[in-house]
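Chemist: There's a structure below that I have some questions on.
The numbers here are math on the coordinates, done by the rules we state, and not lab data. Keep in mind that this is a model prediction, so the values were computed, not measured. We place every Cβ from the backbone using ideal geometry, glycine too, and count neighbours over all the protein chains shown.
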Amino acid sequence: MNAPLRIAGSALRHDSALRHCTGEARFLDDMPEPSGTLHAALITAPVAHGLLVALDPAPALAMPGVVAVLSAADIPGQNDIAPIGRGEVLFVEREIQHYGQAVGLVVAETRDTALRAAAAVRLEVEELPPVLSLDEAREWLVGPFTMRQGDADAALARAALTAQGGFEVGGQEHFYLEGQIALAIPGEGGEMLIHSSTQHPTEGQHIVARVLGLDYTQVQVQCRRMGGAFGGKESNASWVAAAAALAARATGRPVKLRLPRKTDMAATGKRHPFRYRWRAGFTPEGRITALIAELIADGGHSLDMSGGVVMRAITHALNCYAVADLRVTCGAKRTHHVSNTAFRGFGGPQGALLMEDVLAHVARATGRDIETVRALNFAGGPNPSQTPYGQELEGELIRRVHAEALADSGWARRRAEIAAFNATHPTLRRGLGCFVAAFGISFGIPHLNQAGALVHVYTDGSVRLAHGGTEMGQGLFIKVAQVVAEVFQIPIEKIGLAATHTGEVPNTSPTAASTGSDLNGWAAFQAAQAIRERMAGVAASLFGCRPEEVRFEDGLVLGPSGNQRLTFGELAKTCWMRRVSLSATGFYATPDLEWDMQAVRGRPFFYFSYGAAVAEVVIDTLTGEHRVLSAHLVQDCGRSLNPAIDRGQIEGAFIQGMGWLTTEELWWDSRGRLRTLGPSTYKIPGSRDVPPVFAARILEATPNRANTIFRSKAVGEPPLLLAAAVWNALKDAAGVSRLDAPVSPERLLDACQRAHAKR
Amino acid sequence: MQETRIAFTLNGQPRLLPAGTSPTRTLLDWLREEARLTGTKEGCAEGDCGACTVVLEEGSRRRPINACLATLGQMHGLCIRTVEGLNAGRPHPVAEALAAADGTQCGFCTPGIVMAAWAWTREGGDPHEALAGNLCRCTGYRPILAAMSAMRDDGATAPPAAPHQSSRFTAAGQVFYLPASLAEAVALKRAHPEAWLLAGGTDLGLRFSEGREVPGCVIALSRVAELRGIARDAAGLRIGAAEPFETLLAACRTDPDFAPLAPYLARLGSRQIRAMGSLGGNLGTASPIGDALPILLALDAEVETSARRLPVAELLIDYRRTALGPDEIIAAIRLPRPAPGALLAAEKLSRRYDQDISAVSMVACLDFAEGVVARARIAFGGMAATARRARRVEAALTGRPLTREAARTAAALLSEEFTPLTDWRGSASWRLAAAGGLIERLWLRHAHPELPAEVMEVSA
């Protein structure tokens, strides 16, 4: 697998790049609608907690063009959309659990009518007091689980120095530009075809079947592309598909459900907010010897995927650091917020913030430079390289990304410039921050680490590629196509890309956890390789050589002697004439994974991706405003499958992470109604927020040690964590150890005032 | 007034809409559903994400607008280009450049970005300013900015527009007037007291796009000749009430007396919003957070209505209430020049620098004589139910040198004259503290003009 690559590894552009730019690329809402298509609109709960006493559809039904008003009683199967557990309702039956929760659906001839009719439905609600904060929350949705190593209490008691801390970080709205949407088309005998903007067509299939009371085979789900997803189109896309399917079943006509932005933001889950408490013991040099920590996530009203988020938070709570004696507890509690869900990083970013807070306090307490303290505590080298749950980290790569990011940024020179600036400017302060990440790759649930692919070669030599992964902009389709083109040695243009479809590749895992190209790349490789072997056999018989002597090069198939050559298409045609199958499935399961959640022990990850970042900021001590001036990123991508796509993931994830920690704040009023519903109030980064100096690069010459497809590494999530460098830089500028996130002007001004009061 | 059908030029071709088309239907819905031009996307339907960006071609000018906030009635007689019209037959070089730079990931925001960038190749200016109205959640913008640096103006021009004639469109239960003269507009308002007065529609447009409201009567003011244009003389600027903000921004950029207002006006919405929104509209809705209002209050601007002249402060009565009479229309705003040597500063605090509604805004004009503040005029937005002057702060600053101590002492008085709200943009206590910080920043701008006064002035 270390042979030179011709097509895989090339910086090819996204397969749809030009069609995106011309407007030709079709998203679900752009597809011509089947004749007779109806449109649905959600009826949502106006309170965070309460009892639904009555739903009066009469005002809606009186409007011309309204076809039906549906609610829980109209569900033929189970009113249950839980992706993992059981008992999460599609429509409220009695108890409203969060503001914006789906109560029912209006179906009408036009979307305009459906939206106005949904607003006209009269809900009688008895409002109850909601649980809105982790302070009030009592009930655990999942956990708490405890990760133990050594004797944390004894180590803390004998530590030369100790510190304690606590902080909070908020949630995050996905803000995929294309909102949630599904189009359900009823077929014969109760069958249902769903076009869904989803990361998880198979889950959509299962949830639709459960809600309608059908067999899985009666429900097929298709997705060509999403206009962004980021974790927000896993379980949330499934229930939107189920709602559309219910309406199609009830009316017998195709039904499209596209959520308006505000409805989408109120009704769909977000990144989990976390609260942290910790105590640490350390040496006068800053080596941390003991850690007792508690991380609590706000899971919202139901389980959804909070178990997985907790798993990833706890396995990333120590990040790339080694602490001999520790006890880290993590769980998710129930509140009356929308049920929080997957979001790029899936608890990993939240987990990894813990040690940053600890390191900042330790550096302050010991009076040592924070980067010295950071390096002193890295796993590997003189320190143990094993995570507390029993998996090996690569200490050498941790130190390498750290050193390279510091060098790229000109750390020492910047430090001196900043000191000079801060000594003279009356009101502005600059600050510098670094961050290093080790992010585990694989689904935390071992059985999800499987993928299938289906490859057809046609008799002209063109290829159709289908696999279980979905395209949300991350470039998965082009990467997997590169793998197949590499196997056949044919131009990338010859690979036709199929929409993801439960009928072509069944029983798939979500495209999530950064695993898309790892899993589907291998599966597609296996399928293509099977066909290549058959084709090589036919070529060998033509050339009169052994199959292993047949070479595939530049669209040609060559025998050992110079005049033995066929085009790939000619060979395909010959295979067909000789009745040799040109179609194959491929399958891949990540080897050697095991995980015991109760014990927090095992080998949950196939490998780790490493990255480091340095960010410089300037803040205004008068107002709490800030600006990120520069960012230098170094990300390990193994032997990158596509450096252009990977760079895009690194840059985009960093800016998204920066938004999470700075401008993006979810704000609920005292009754638990989310008031930041839309881009006018919820502020994701804009182009000016990109650091004027923004240098992201891939760590060079580092093939994956694990046997991944062409020794590449996953890249979707890990760079999001690197934005913690911005958070650290803001703390540095403000002169504080604790800084809750998102760092709004208000929190930053408060930090400046705290720092000033101490001086 | 002539009853007619809505007509405009779309991608170079004349389009005459069927009789009975709702004039308050959004351009976006019509493009996607009737014209089946689905390149233009809906990302938010509130004019903030830019996925619906299309371009109005006016001679050699290109104005990007949000199709989600634009009504069909307003489009009458205009020349609209969508992404399909840019890429007819083969990809336009702007699209090629964006694709070649890996400037797309999911691609949903992309057509809007292509149109904003295409307008920018003609209009020029800061690329961030041109992109402020377009959100991308995938790329982190770096490759988009890189692509823009390789884009060039294609030199294409639009056909000349016919002069506007007063028009009336009707649909079931709806009448939409597009008057050409102020006299007509006033007569219509008198005849239809229930009518919605639509200027650019960047605020009221939300009631169509999000609220799905269907008003019975709309009077759109954007083509009233007397409400357009900006005149400049020794006394100051006379700004037509319906003249888009983009023109005011350009006027401030080219006039040294008003130049300090330019960075502030450049943060008012986005190019898409400033292409439609106007000062008259901002005053007419009397929003407490209208970013333009502190400018008018700090410079003692006057409003010319169809009937009289009055100070801006007397027009703004309360939260979303004005002193306009039933047959009175805001015609123009007279913005006096600051005195020579005055310190004019316009500050805005928001979560995001661009395309955000201010949490607190402040415009201050300080006149100096013999080293002391001779006159202080300081107006705040976001601190009360309406934008208003900070009279006690002004008094405390007046008559003494502008020292840091003087600024702090004056800032401490803010809590006596303002009781701001706590909301998602910030708490009352932060608003008071940060507003005080802005007063202290006046000292910094005055005493240390050589230093960066705020974070955006710091170079990397």
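Chemist: List the residues, sorted by chain then number, that are 5 or more residues from A:Ile43 or on another chain and whose placed amide H is less than 5 Å from its amide H.
Modeler: Amide H neighbours of A:Ile43: A:Val103, A:Gly104, A:Leu105, A:Val106.
Chemist: Once every DSSP H run of n ≥ 4 in chain A is given -39500 (n - 2.57) and the sum is divided by its residues, what mean residue ellipticity at 222 nm do you get, rounded to the nearest 500 deg cm²/dmol?
Modeler: -9500 deg cm²/dmol
Chemist: Could you tell me whether chain B comes out rounded, prolate or oblate from its Cα gyration tensor? Rule is a ≥ b ≥ c as square roots of the eigenvalues, rounded for a/c under 1.5, then prolate if a/b exceeds b/c, otherwise oblate.
Modeler: Judged from the Cα gyration tensor, chain B comes out oblate (a/c at least 1.5, b/c at or above a/b).
Chemist: To the nearest whole number, what is the average tally of beta carbon atoms from other chains within 10 Å of the beta carbons of peptide B:43-56?
Modeler: Mean shielding by partner chains, rounded to a whole number: 4.
Chemist: According to the square roots a ≥ b ≥ c of the eigenvalues of the Cα gyration tensor, what is the shape class of the protein assembly as shown, taking rounded for a/c under 1.5, prolate for a/b larger than b/c otherwise, and oblate for the remainder?
Modeler: Since a/c reaches 1.5 but b/c is at least a/b, the shape of the protein assembly as shown is classed as oblate.
Chemist: Rank these for me by crowding, B:Glu46, A:Glu136, going from fewest to most other beta carbons within 10 Å.
Modeler: Lowest count first: A:Glu136, B:Glu46.
Chemist: A:Thr623: net charge of surrounding residues, Cβ under 15 Å, Lys/Arg +1, Asp/Glu -1, itself excluded?
Modeler: Neighbourhood net charge equals +3.
Chemist: Continuing with the same structure: Below 15 angstrom from the Cβ of A:Leu90, what's the summed charge of the other residues (Lys, Arg +1; Asp, Glu -1)?
Modeler: -3
Chemist: Provide the per-residue ³J(HN,Hα) series for region A:20-32, in order, calculated from phi with Karplus coefficients 6.51, -1.76, 1.60 and θ = phi - 60°, each as a whole number of Hz, with x at glycine and proline positions.
Modeler: Rounded to whole hertz, the list is 4, 6, 8, x, 7, 4, 8, 8, 3, 6, 8, 5, x.
Chemist: Okay, next question. For region B:346-358, take each phi angle, set θ = phi - 60°, evaluate the Karplus expression 6.51 cos²θ - 1.76 cosθ + 1.60, and give the result in whole Hz per residue in order, putting x for glycine and proline.
Modeler: Result, rounded to whole Hz: 10, 10, 9, 10, 8, 5, 10, 5, 9, 6, 9, 7, 5.
Chemist: Counting only DSSP beta bridges with both residues in the protein assembly as shown, what percent are antiparallel, rounded to the nearest 5?
Modeler: Expressed as a percentage, antiparallel bridges in the protein assembly as shown total about 80.
Chemist: Taking θ = phi - 60°, what integer Hz values does the Karplus form 6.51 cos²θ - 1.76 cosθ + 1.60 yield along region A:706-717, in sequence order, with x for Gly and Pro?
Modeler: Whole-Hz 3J(HN,Hα) from phi for region A:706-717: 6, 7, 8, 4, 6, 6, 7, 10, 5, 9, x, 9.
Chemist: How do B:337-348, A:261-272 rank on mean C-beta neighbours within 10 Å, highest first?
Modeler: Packing order, densest peptide first, comes out as A:261-272, B:337-348.
Chemist: Where does chain B land at 222 nm, in deg cm²/dmol rounded to the nearest 500, when only DSSP H runs of n ≥ 4 count, each adding -39500 (n - 2.57), divided by all residues?
Modeler: -7000 deg cm²/dmol
Chemist: Summarise the partner chain shielding of A:260-267 as one whole number: the mean count of Cβ atoms from other chains within 10 Å of each residue's Cβ.
Modeler: Average neighbour count from other chains, rounded to a whole number: 3.
Chemist: Let a ≥ b ≥ c be the square roots of the eigenvalues of the Cα gyration tensor of region A:528-634; is it rounded (a/c under 1.5), or, if not, prolate (a/b larger than b/c) or oblate?
Modeler: Note, shape of region A:528-634 comes out prolate.
Chemist: So, one more: For chain B, list the DSSP H helices whose alpha carbon atoms reach 24 Å or more along the long axis and whose average Kyte-Doolittle value is -1.0 or above?
Modeler: B:428-447
Chemist: A follow-up question, please. Arranged by the count of other C-beta atoms within 10 angstrom, fewest first, what order do B:Trp30, B:Trp424 take?
Modeler: B:Trp424, B:Trp30
Chemist: Please list, in chain and number order, the residues 5+ apart from B:Val175 or on another chain whose amide H is under 5 Å from its amide H, with Hs placed from the backbone.
Modeler: Amide H to amide H, under 5 Å and 5 or more residues apart or across chains, B:Val175 pairs with B:Cys217, B:Val218.
Chemist: So, one more: Over the whole of B:347-354, what's the average partner chain Cβ count within 10 Å per residue? Rounded to a whole number, please.
Modeler: The per-residue average across the peptide is 6.
Chemist: Next question, about the same structure. If you add up the charges near A:Gly638, with Lys and Arg at +1 and Asp and Glu at -1, over every other residue whose beta carbon is less than 9 angstrom from its beta carbon, what do you get?
Modeler: Charge balance near A:Gly638 sits at +3.
Chemist: Quick one: order A:Phe145, A:Phe439, B:Phe208 by neighbouring beta-carbon count within 10 Å, fewest to most.
Modeler: A:Phe145, B:Phe208, A:Phe439
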